[in-house]
Amino acid sequence: MRISIVLLLLLPLYSFAEPNAAARYLMSEPATLFDLSMLRLQMLTDYRELQMVLNYEHDSKSGRVYGNVNAYYERNADKIYVVLSVTDEAASEAQMEAGCRHALEHIGIYVGKSTGEMFSHAGAAESSVSRELVSQFREMFEFRCYVSGRDFSEGRFWAHQSLTSEMKIGRWPVD
């Protein structure tokens, strides 16, 4: 008898509410594979952010630097940018070049190895069409390294490269 009373008292705890209008709206919005892929890219850059900054720091040999990495798609240029932004007041031009070169090479490795999985369905069998599309996705990537001083808007050094090209020094084209 006591057990039945306890069960009757706990029964209201197991009731479920219906989602509200905001939750229903979000649940009905479609997410594309591109949306998912960009989320995967952002997760990769978040995971590797400290390593990317340390890669710059290692070869610039300029001491402790601060930085972050952002990934985004620019529709007008049809490009996916992965941008390493570093604050380094002490480095010379040669040090910034060495730091950016090392960091961009490693960003290319991290992203290049993940592109196939990033832009495909989980568990999907690979086909020749998907390999062709992965090749096209790889062409969309541009990696950028931006070094600033105290004032972030004051750029000291710019460099950029794609997965298949060498690093170019100087301001990148405005999209």
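No lab work stands behind these numbers, since they all come straight from the coordinates. Note that the coordinates shown come from a computational prediction; the quantities given were computed from them, not determined experimentally. Neighbour counts run over all protein chains shown; Cβ positions are idealised from the backbone, glycine included.
In terms of other Cβ atoms within 10 Å, Leu54, Leu44, Leu163, Leu84 run from fewest to most in the order Leu54, Leu163, Leu44, Leu84. How high is the FRET efficiency between Glu18 and Arg75 when r is their beta carbon distance and R₀ equals 41 Å, given to the nearest 0.05? Efficiency computed from Cβ-Cβ geometry: 0.65.
Put a dot 7 Å past the Cα of Glu139, heading toward its Cβ, do the same for Leu26, and the two dots end up 3.8 nm apart.
One decimal place: the segment Ala90-Asp46 gains 13.2 nm when fully extended, by the rule 0.36 nm per residue minus the C-alpha distance. What is the sum of charges around Gly170, taking Lys and Arg as +1, Asp and Glu as -1, for the other residues whose C-beta is under 15 Å from the C-beta of Gly170? Residues close to Gly170 contribute a combined charge of +1.
In a simple Cβ point-charge model (Lys, Arg +1; Asp, Glu -1; nothing else charged), segment 33-169 has a dipole of about 120 debye relative to its Cα centre. Between His58 and Trp172, full extension at 0.36 nm per residue minus the direct alpha carbon distance yields a gain of 38.7 nm.
The Rg/Rh ratio of segment 33-169, with both radii computed over alpha carbons and Rh defined as the Kirkwood radius, is 1.01. Residues whose amide H lies under 5 Å from that of Gly67, counting only those 5 or more places away or on a different chain, are Thr87; hydrogens are built 1.01 Å from N in the peptide plane. Model label points for Leu39 and Tyr66, set 7 angstrom from Cα along the Cα-to-Cβ axis, are 3.1 nm apart. In straight-distance terms, cross-link reach from Lys168 covers every one of the aspartates and glutamates whose alpha-carbon lies under 15 Å from its own, apart from those fewer than eight places away in the same chain; here that gives Glu93, Glu97, Glu105, Glu142. Residue by residue, segment 134-148 carries 3J(HN,Hα) couplings of 4, 4, 5, 4, 4, 6, 6, 7, 9, 9, 10, 10, 10, 10, 10 Hz when phi is fed to the Karplus relation 6.51 cos²θ - 1.76 cosθ + 1.60 (θ = phi - 60°); x denotes Gly or Pro.
Rounded to whole Å, give me the distance from the Cα center of segment 26-71 to that of segment 136-167. With segment 26-71 and segment 136-167 each reduced to a Cα centre, they are spaced 14 Å.
Spread over its residues, the convex hull of the C-alpha atoms of segment 15-85 is 159 Å³ per residue. Between the beta carbons of Lys113 and Trp158, assuming R0 = 35 Å, the FRET efficiency works out to 0.85 to the nearest 0.05. Across segment 33-169, Cα pairs under 8 Å and at least six residues apart give a relative contact order of 26 percent.
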